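Worksheet: one structure, shown below.
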Amino acid sequence: MDKYVTASFSGGKDSTAMVLHMIELGEQLDEVITCDTGMEFPEMYDHIARVREVIEGAGIKFTTLRAEHSFEWYMFDKEVTRREDGTIRHGFGWPSTRSRWCTQHLKTNLMDRYRKNLAEQYDIIQCVGIAADEAHRAERDQNKGQRWPLIEWGWAEADALAYCKAHGYDWGGLYDIFPRVSCWICPLKSIGEVRMLRRHRPELWERIKEMDARIRTPGADYSIQQFNSHYTIAELEDRFAREDKAAEEQTSLDRWLL
């Protein structure tokens, strides 16, 4: 079968640098594939649209995969069978490190099915944007037919970001705030990232609080109710509010001392 080169494209700095530089080098690249979770930052959607123009302008196919159901449907409405007693509840609740249902249903399953269909027609090479300073991730995931161009080029994450910025891509400043630009709602963010989300994107933080309140409605029965492995949303809100108050008091004290 003919060789068919695809690239997994999340829109982040690593996959963006990989795709753009492959085009710049004139390497074979037949199709770029992205999965739309519906929960990306608005600036990320703008960025993806801009890069798509470059990809399609180079004569390369661009494919967007979307699940049949939304993030919120899986979170609140999907029927889930309890393993312990076989009873049914509705919704997975918040994703967690032990139950990354969002990645599975909104990304991995879609990509696997799509590539399986392609593999019936072609000899598939899948390019994945893993940077050289995270090469251990590639070592854990050595599937036949995968390629990691950034590792081949010796590009670290900082190199990928610098390349993108040198070519005029800045994600509306997202990377100036967050070290990683994943879905804005992701509970797997560090405390620092959640703190920055609350500070810089209060409208998205309010949406998270609204969704958390829905999970905690009396009588609700979801799989995971805690936002992350350490805190509920209410506990995080209380922690951040106390931090803000302490910072304000310190600022007032510093001014008085001056």
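Read-outs throughout are calculated quantities, based only on the coordinates presented, and are distinct from any laboratory measurement. Here the structure is a predicted model, which means the values were calculated and not measured. Using ideal geometry, Cβ is built from the backbone for each residue, glycine included, and neighbour counts are taken over all protein chains shown.
Taking the longest Cα principal axis of the chain as reference, the axis of helix 109-119 is set at about 0 degrees. Its relative contact order, with pairs defined as Cα atoms under 8 Å and 6+ residues apart, puts the range 74-143 at 17 percent. Applying a DSSP loop filter and a limit of 15 other Cβ atoms within 10 Å to the GluC sites (Glu not before Pro) in the range 50-82 leaves 68.
Computed from backbone phi with θ = phi - 60° and the Karplus coefficients 6.51, -1.76 and 1.60, the 3J(HN,Hα) list for the range 37-48 is 7, x, 10, 7, 4, x, 5, 5, 5, 4, 5, 4 Hz; x is used for glycine and proline. Return one number: the angle in degrees, 0 to 90 and rounded to the nearest 10, between the long axis of the Cα atoms of helix 233-257 and the longest principal axis of the Cα atoms of the chain. Once rounded, the angle reads 70 degrees. The alpha carbon gyration tensor of the range 167-219 gives principal lengths a ≥ b ≥ c with a/c of 1.5 or higher and a/b greater than b/c, which makes the shape prolate. For residue 127, the amide hydrogen comes within under 5 Å of the amide hydrogens of 6, 7, 8, 147, counting only partners 5 or more places away or on other chains and with H modelled in the peptide plane. Averaging the Cα positions of each part gives two centres, and for the range 65-87 and the range 92-157 these lie 23 Å apart.
Within the range 124-195, the trypsin sites (Lys or Arg not before Pro) that combine a DSSP coil assignment with at most 12 other C-beta atoms in a 10 angstrom radius are 144. Around the amide H of residue 155, modelled in the peptide plane, lie the amide H atoms of 132, all under 5 Å away and 5 or more residues distant in sequence or on another chain.
Among residues other than residue 198 whose Cβ falls under 15 Å from its Cβ, what is the net charge (Lys/Arg +1, Asp/Glu -1)? Once all neighbours under 15 Å are counted, the net charge is -1. Residues whose amide H comes within less than 5 Å of that of residue 65, counting only those at least five positions distant or on another chain, are 34, 35, 36 (H built at 1.01 Å from N in the peptide plane). For trypsin sites (Lys or Arg not before Pro), the sites in the range 1-77 that DSSP calls loop and that have at most 14 other Cβ atoms within 10 Å are 66. Pairs of Cα atoms nearer than 8 Å and 6+ residues apart set the relative contact order; for the chain it is 22 percent. Rounded to the nearest Hz, the phi-derived 3J(HN,Hα) couplings of the range 87-99 under the Karplus curve 6.51 cos²θ - 1.76 cosθ + 1.60 (θ = phi - 60°) are 6, 9, 10, 10, x, 6, x, 5, x, 8, 4, 8, 9, where x marks glycine and proline.
Along the range 9-25 the Karplus relation, 6.51 cos²θ - 1.76 cosθ + 1.60 evaluated at θ = phi - 60°, assigns HN-Hα couplings of 10, 8, x, x, 4, 5, 5, 5, 4, 4, 5, 5, 6, 4, 5, 4, 7 Hz to successive residues, with x for each Gly and Pro.
Checked against a 21 Å cut-off, the cross-linked pairs 3/116; 13/107; 189/245; 13/78; 13/116; 61/116 give Cα-Cα distances beyond that limit for 189/245; 13/78; 13/116. For the range 3-257, what is the percent of antiparallel DSSP beta bridges, rounded to the nearest 5? The antiparallel fraction comes to roughly 15 percent. Which label belongs to the value computed from this structure, given these candidates for Cα Rg over 2.2 N^0.38 Å: [x] 1.04; [y] 1.16; [z] 0.92? For Cα Rg over 2.2 N^0.38 Å, the calculated option is [y]. Between the Cα long axis of helix 202-215 and the first principal axis of the chain there is an angle of about 80°, rounded to the nearest 10.
Only helices enter the 222 nm calculation for the chain: every DSSP H run of n ≥ 4 contributes -39,500 (n - 2.57), and dividing by all residues gives -14000 deg cm²/dmol, rounded to 500.
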